[in-house]
Amino acid sequence: MSQSAPLHPDQKPDQSPAYITTPIYYVNDRPHIGHAYTTTLCDVWARAMRFAGRDVFFLTGTDEHGVKVEKSAQARGIEPQALADENAAEFQKVMKMFNLTNDDFIRTTEPRHERQVQSLVKRLLETGDVYLGEFEGWYDEGQEEYVTETKAKETDFKSPISGKPLVRANERNYYFKLSAYQDRLETLFADHPGFVKPDARRNEVLGRLRGGLQDVPITRTNFTWGIPFPGDEEHVIYVWIDALLNYATALNLADADDDRHRYWPATFHVIGKEILWFHAVIWPAVLMALELPMPGCVYAHSFWISEGKKMSKSLGNFVDLPTIERYLDVYGLDAWRWYMVNNGPLGATDADFQAAGFHETYTSDLVNTVGNCASRTTAMLGKYFDGVVPADAGCEFPGWDLKASADEAVTAWRAALEDFALDNACAAGIGLLRTVDAFINATEPFKVAKDPERQDELASTLARCIEAVRIASVMLWPVIPQRMESLWLAIGCDIDPASGDLTTQACWGDSLVGAQTEKVALFPRIDAASTPMADVAS
Ligand code: MSP
């Protein structure tokens, strides 16, 4: 897709493969808004791209190894695999509950993943990118990670997280030669300014990268819940290396010839900001060592906080699954998705989840704009044309050109999606509906209808309004699919996003002329008192 080209019905859709991934989620935690958020963003993009004709593969899954899972399982007196099975099922349930259209769900305890991780790590050993080494340094026992000498001094040799003293530790481990990739990583960043987005995040990584890279241990010997290191089973592969490789193993990349290879490399790895270093530095270096092509973009969004505070179970502001279910019961799934995409932390700043803000967004965007515009247009068609869409009689309305507005909106929508600016894509769709509303207010078809001499004007107005509503619905479908499909049914239009013909569907035309429509009520007005308010402790 080209960013500036407007759509034209003759333009061939881009049918190239596209690959989008979420982080794989730890199974020692229950699903919550953070997981639902990242996965929803990817779902919106995947739906839009499939509709646009691209051959999309959308991956999510669970990260099931590591000491945290081992400890959580011990605390409950069960095997780590049993805990992993239980929580992976919970995450899979969530994908269904949110109607997320992932093409696969990978679990790192699956044989297909374990086998390929071993073979990829073996490859790294053979190329010399992984070596057996000895390391002594300052270790944060709570975080299970070494901190550099400089960092340790800065925090007075205490853990910045727990405040407990750092310990001097010594380990014999397998190391990945990250330091050897300093120059190539800097070149990658210089040659591909869009490799990490948003820009603020890119600058953070670059700053740290320029500080110099140390080799990183990629095995552990102090626990066993992991993939055994090939050829030296005393060691298990560090959970982060195991986890990152999921993006490759899901496409069977370690195997010769497979249909899924066509999706490599990822168009977008979408993640939260806290795991950016692994994705923006360690991951590309591992791929360089494996001689695999680089991903297009690592998109790191920010964090949800809730009612002005960091989410915490004890504060009572944690947006967990039961809380989300209450929102779905009151407002419906489309409203939830709309709020996630438009009010979430897509950019470089955190976003505050607020019950009152949720209600306000629902009412102003979905009830008063999307719902209202569709309902007033279909109501007038019903009243003045028995619901049958009239042909555009070609009247001029100085200062108004809905076709041009629709074309511009679609161009902006496509550009926004290329940038993963999903909020701007929504703005393009809803902006077109605001233009339709303003056009109705300016041309006053309800007055024109009273004059039998002005039937052409009335037909021109309403034919254009319903066509613009139809085009807006195409742009809004990836975010609010259920309601847009109800709208399509009500206005008698035959759109199937699975057919990949967005290029045709988003083109201004007369496909609705003669269609029988009925008045729609898409988003019911909801009493603010039914909003599931959080009871936040101060
Ligand atoms: N298992 C690792 C990722 C390995 S990827 C190769 C992990 N898992 S996690 O369960 O902790 O999930 C982290 C991800 O959940 C974040 O990167 C983000 O996508 C999402 N979120 C978790 N909490 C969040 C918020 N409060 N707000 C927004 N998203 C956050 O890290």
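The values are calculated or read from the model by the stated rules, or taken from the named source; none is laboratory data. Not measured: the values here are computed from a predicted model. Note that each Cβ is placed from the backbone with ideal geometry, even for glycine, and that neighbours are counted across all protein chains shown. These accessible areas exclude ligands, DNA and RNA; they are computed on the full protein's heavy atoms, side chains included. Shrake-Rupley method; radii C 1.70, N 1.55, O 1.52, S 1.80 Å.
Here are some notes:
- Modelled spin-label separation between CYS395 and SER16, with each label point placed 7 Å from Cα along the Cα-to-Cβ direction: 4.6 nm.
- The per residue volume of the convex hull around the alpha-carbon atoms of the chain is 163 Å³.
- Backbone N atoms of region 261-284 closer than 15 Å to the 7 Å Cα→Cβ label point of ARG112 belong to residues 261-264.
- Over the chain, dividing the summed -39,500 (n - 2.57) contributions of all DSSP H runs of at least 4 residues by the number of residues returns a 222 nm mean residue ellipticity of -13000 deg cm²/dmol.
- Accessible-area composition of region 33-99, carbon plus sulfur, in percent [1.4 Å probe]: 51 percent
- Distance (nanometres) between label positions extended 7 Å along Cα→Cβ at ALA190 and ASP85: 5.3 nm
- Relative contact order [Cα under 8 Å, 6+ residues apart], the chain, whole percent: 18 percent
- Spin-label model, ASN99 to GLU360: label points 7 Å out along the Cα-to-beta-carbon direction sit 2.7 nm apart.
- Protection proxy ranking of 110-118, 499-507, 391-399, by the mean of other Cβ atoms within 10 Å over each peptide's residues and highest first, is 499-507, 110-118, 391-399.
- For THR62, the residues whose modelled amide H falls within less than 5 Å of its own, excluding neighbours fewer than 5 places apart on the same chain, are TYR25, ILE106, ARG107, THR108.
- Lysines with Cα under 19 Å of LYS383, excluding same-chain neighbours fewer than 8 positions away: LYS447, LYS450, LYS519
- Most to least packed among 299-308, 450-459, 46-55 [average Cβ atoms within 10 Å]: 46-55, 299-308, 450-459
- For ASP55, residues with placed amide H under 5 Å, excluding near neighbours: SER16, ALA18
- Principal-axis tilt of helix 481-490 within the chain, Cα atoms, nearest 10 degrees: 20 degrees
- Rounded to the nearest 0.05, the FRET efficiency derived from the C-beta distance between THR221 and SER530 at R0 = 51 Å is 0.40.
- 24 Å Cα-Cα reach of LYS309 towards lysines, excluding residues that sit fewer than 8 places from it in its own chain: LYS273
- Per residue, the chain exposes an accessible area of 42 Å² to a 1.4 Å probe, with every protein chain left in place.
- Carbon/sulfur fraction of accessible area - region 338-403, other protein chains in place, 1.4 Å, %: 48 percent
- With contacts taken as Cα pairs under 8 Å at a separation of at least 6 residues, region 300-347 carries a relative contact order of 45 percent.
- Given LYS93/LYS151; LYS177/LYS310; LYS158/LYS310, the pairs whose alpha carbons are separated by over 32 Å: LYS93/LYS151; LYS177/LYS310
- Between ILE161 and ARG30, the FRET efficiency estimated from the beta carbon spacing at R0 = 22 angstrom works out to 0.55.
- Three-way shape call for region 190-262 based on the alpha-carbon gyration tensor, with the a/c threshold at 1.5: oblate
- For the chain, the longest principal axis of the Cα atoms and the long axis of helix 402-418 meet at an angle of about 10 degrees.
- 3J(HN,Hα) along region 83-91, derived from phi through the Karplus expression 6.51 cos²θ - 1.76 cosθ + 1.60 where θ = phi - 60°, amounts to 5, 4, 4, 4, 7, 5, 5, 4, 5 Hz, with x in place of Gly and Pro.
- Whether region 307-364 is rounded, prolate or oblate, judged on the alpha carbon gyration tensor where a/c under 1.5 counts as rounded: oblate
- Contour excess over end-to-end distance, with Cα ends at GLU444 and LEU315 and 0.36 nm allotted per residue: 41.3 nm
- Tilt relative to the chain, helix 199-210 - C-alpha long axis, 0 to 90 degrees, to 10: 20 degrees
- Other-chain or far-sequence residues with amide H under 5 Å of VAL388's (modelled H): THR517
- Solvent-accessible ranking of ILE526, ILE218, largest area first, probe 1.4 Å: ILE526, ILE218
- The orientation-averaged projected area of the convex hull spanned by the Cα atoms of region 43-177 comes to 12.4 nm².
- The phi-based Karplus calculation (6.51 cos²θ - 1.76 cosθ + 1.60; θ = phi - 60°) puts the 3J(HN,Hα) values of region 144-159 at 6, 8, 7, 10, 5, 4, 4, 4, 4, 5, 4, 9, 6, 6, 10, 5 Hz, whole numbers, x for Gly and Pro.
- Theoretical gain in end-to-end length, LEU328 to ASP257 [0.36 nm per residue, Cα-Cα removed]: 21.3 nm
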